[in-house]
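Have a look at the structure below, then the notes.
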Amino acid sequence: MPRTITCRIINHPDVVIDEIVASCNGDMRGAFKALLLVNEQLESELNHLYEAAYGAPTERAAKKSRH
């Protein structure tokens with residue numbers, strides 16, 4: 001997340017929330033659904049990065065049992 005967006009969320013969360021809802025034509029349910037989808041995407045990317053850095057969960061467990 002770019003620094004400018006992070007600062008806006010921290011300093012002005014109500015403004016950011018209003019912008020998200022406005023981008024969904026005022027539909028709160030649509031805005032919430034969009035945020036859930038974005039969160040799911042970010043979690044997936046984070047898992048891929050973690051696996052690239054440390055290996056798949058089964059690989060990590062095998063490495064720990066060898067030590």
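Between residue 23 and residue 50, how high is the FRET efficiency from 1/(1 + (r/R0)^6) when r is the Cβ-Cβ distance and R₀ = 25 Å? Nearest 0.05.
0.25
I want the local charge near residue 33. Using Cβ-Cβ distances under 12 Å, sum +1 for each Lys or Arg and -1 for each Asp or Glu among the other residues.
Values: positive: 29; negative: 27, 40.
Every neighbour counted, the sum reads -1.
So what are the ³J(HN,Hα) numbers for region 31-46, from phi and the Karplus equation (6.51, -1.76, 1.60; θ = phi - 60°), rounded to whole Hz, Gly and Pro as x?
For region 31-46, the Karplus curve yields 5, 5, 4, 4, 5, 5, 5, 5, 4, 4, 4, 5, 5, 5, 4, 4 Hz.
Computed from the coordinates by the stated procedures, all read-outs in this text should not be read as laboratory data. Remember, it's a predicted structure, so these values are computed and weren't measured experimentally. Every residue, glycine as well, gets a Cβ built from its backbone with ideal geometry; the counts of neighbours run over all protein chains shown.
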